[in-house]
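These notes are about the structure you will find just below.
FYI, it's all coordinate maths here, none of it is from the lab. Just so you know, these numbers come straight off a predicted model, no measurement behind them. All Cβ positions, even for glycine, are placed from backbone atoms using ideal geometry, and neighbour counts span all protein chains on display.
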Amino acid sequence: MPRDTAFVPALLVLLGGATFFWWIYYRREFAVSSRGLLFVMRLLALGGIVLLLWNPGLGLGSGDAPPRFVLLDRSASMSAGMADGGDVWSHAVARARDLAAPGGTRIVLLGETPESAEPEDLDDVRPSADRSSWLEGLRAAAEAGAREVVLVTDGRLEDPLGGVDLAQALGVAVVVDPLPSAAPNRGISRLTLPADVERGTPLEGRVEVQGSWQGDLVQVAIFVDGDSVTSVSLPAPVDDGVVGAGFRLSSGLAPGVHMVEARLSGSDSYPDDDRRSRLVTVDPEETGVLLVSFKPDWEARFLFPVLSQATGLPARGFLRVGADRFLPIHPGATSPVDEATLARMMRQAELLVAMGVDASVAPLIEGAAAGSGRLLLFPVDADGAALGGVGVGAPLGGEWYVEEPPPSPLAGALGDFELAGLPPLTRVLPVVDDGGGQALGVRLGGAGRPEPAIVLRSPGTRRIAVALARGFWRWGFRDGDPQDRYRRLWSAVGGWMLADEPLSAGPGVRPLESVLPRGEPTRWQGWGYEGDSVRVTVSDPSGQAVMDSVVVVPPSGTFETGPLSPGRYGFESALEADTAVGEFVVESFSGDMLRRPVDPTLLAVDPAAGGAETASRRTRPLRTSSWPYLLVLGLLCGEWTLRRRAGLR
């Protein structure tokens, strides 16, 4: 809150405090001769606290120089080499020491979090931070009383213009100390590969290179599990541009998890962006939830995360975007798959969700549907509904409102299913022969003939749910009760379908991504295990455990553990008799050097140029002085002592 607008709330707090203290000493406490003094001391202490919260500026004397700080960028790009042999960091350290030499100038290191440092400590500091906390460092310096900062950086900052705006708002002058430029650099900005492929299928990927360097061609070597298998030639990028090319690996990869690396041939000024890694699974054994939308609509967008979180199983989702092209929607996947690959996944899925099923796609999924033990079907015509064993007629239009759920396997999970505020459903397929039980009913306009909206069937050991209405996604689209009803309904459907299914994939506690950026916390998903205690073990390639913890999965279903060093890791998550194992990679890649440097003149700030109002901010904040804290503490201690001497508690 700006200080000028905070004056009124501060005054109200003082008036309210004065009234309360007066009531304490003149109405509630025993009358003592020193109560007037005690009242004033407590009120002054409150006034000191309010002033510290308000934090007004104290004017500098005519002979006082405004406090100055040196902000030293220690992000990874500062380690880049130079054409003459040294590195940028050595020049930066020398400049920071020179600037701090006059005395009174403090050094703040810009990394993940700002840190204070002395000039003699810089020999032990390395530029390894994955980001430059430019805004945080500037804010910390201003809070400590800085009215002028000297920024020592190569210009590759996060949100540089945001820092300029903050400096202008705080009235802090920014002077940029230019550093020598690093030698030209090239790096692999992106490596794209599918998360899994079928055995015998060629592995296709794409690599992109960014930067500039001498020569006409760039060579990128492709490694699989440490062995070089092929190389890619690309035209050399110019002026920090980006060039890319595709590649194909042979189909001889054995089933299992393989680490594919792209390595830039040769050397340049910054090696940390010269390789990228991805994990690829050949013939994945894990078969969790598979959602396929043959006629994509909003339902897949809302249903996929609900089933993924409710079941805790590995989940994959695909949208049909062409005759033989299915686009993935699950995290970590980027490459489309064809019908043959999708058919294999459908046969392996523990829970198959087929959406938009009609006569044109019925032959494609008929074999998978017949063999799938758990099938959730969203048909659009009679041929699609027949795959679930339900006979229906032509679709009915209009607005269909849900009625109280009848007795069914879902009734207990749904509980008191509040109907008020639920948007109506549309395009209902009227049942001719359901062959099972109705789990949810609807009426046209809320008063017409009832029709089933969801039918549950249990032929043999299979469990099939058929959704005969469209528009459930409108519940999930609305916050509050409708969204809660949507989650409860489909969580109940998923729970019923998997009630007797053995958890072959183990606990659903696993990293959110198979490839993690370096320096970042490891993020885990535990959807479906909220409140459970799961033992998570992470091991390095030698089998040595680097983390062994028992984690209580929070209500959100996701949690974080500390960052890990770059490398390939195996994990194991265990819950009672269920165990899941897998692998993930922490990349050594840092894209800090691929960020274009900002012109130093754009980072300089002169508060005096903002006029009298901005120049007036060139004061020292009250919180940077020690005397207000000592005064408040002395008043509180003095009041406490005098109260005891006067016989008050």
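Here's how it looks for Leu109: its modeled amide H is under 5 Å from those of Leu72, Glu115, Ser116, Ala117, which are all 5 or more places away or on a different chain. Of the peptides 260-268, 11-19, the order by per-residue mean of other Cβ atoms within 10 Å, starting with the highest, comes out as 260-268, 11-19.
Only Cα sites of region 510-586 enter the Debye sum here, all with the same form factor; the resulting log10 I(q)/I(0) across q = 0.11, 0.17 1/Å is -0.25, -0.60, listed in q order.
Counting DSSP beta bridges in the chain, what percent are antiparallel, to the nearest 5?
70
Where does the charge balance sit around Leu444 when Lys and Arg score +1, Asp and Glu -1, over other residues with C-beta under 10 Å from its C-beta?
Net charge around Leu444: 0.
Report the residues of region 223-247 in range of a label on Thr192: point 7 Å along Cα→C-beta, backbone N strictly under 11 Å from it. Counting backbone N atoms under 11 Å from the label point, the list is 244-247. Both numbers refer to the Cα atoms of region 186-282; Rg and Dmax are 13.6, 42 Å. This ranking places Val581, Val536 by how few other beta-carbon atoms lie within 10 Å of each, fewest first, which gives Val581, Val536.
The Ser250 and Ser360 beta-carbon pair, evaluated with R₀ = 41 Å, returns a calculated FRET efficiency of approximately 0.70. For trypsin sites (Lys or Arg not before Pro), the sites in region 174-257 that DSSP calls loop and that have at most 16 other Cβ atoms within 10 Å are Arg199. Counted over all Cα-Cα pairs of the chain, pairs farther apart than 34 Å make up 62 percent. With the highest mean first, a sort of the peptides 212-221, 309-318, 124-133 on other beta-carbon atoms found within 10 angstrom per residue produces 309-318, 124-133, 212-221. Which log10 I(q)/I(0) values, to two decimals, does region 289-497 give at q = 0.11, 0.13, 0.15, 0.16 Å⁻¹ under the Debye formula with one point per Cα? One equal scatterer on each Cα of region 289-497 leads to -0.47, -0.67, -0.91, -1.05. The antiparallel fraction among DSSP beta bridges confined to region 510-586 stands at about 95%. At an R0 of 41 angstrom, the distance between the Cβ atoms of Leu12 and Asp121 translates into a FRET efficiency of 0.35. The value of relative contact order for the chain, using C-alpha pairs under 8 Å at least six residues apart, is 15 percent. If both residues of a DSSP beta bridge must be in region 280-408, then about 25% of such bridges are antiparallel.
Determine, from the Cβ-Cβ distance of Glu520 and Leu631 and an R0 of 45 Å, the FRET efficiency 1/(1 + (r/R0)^6), rounded to the nearest 0.05.
0.55
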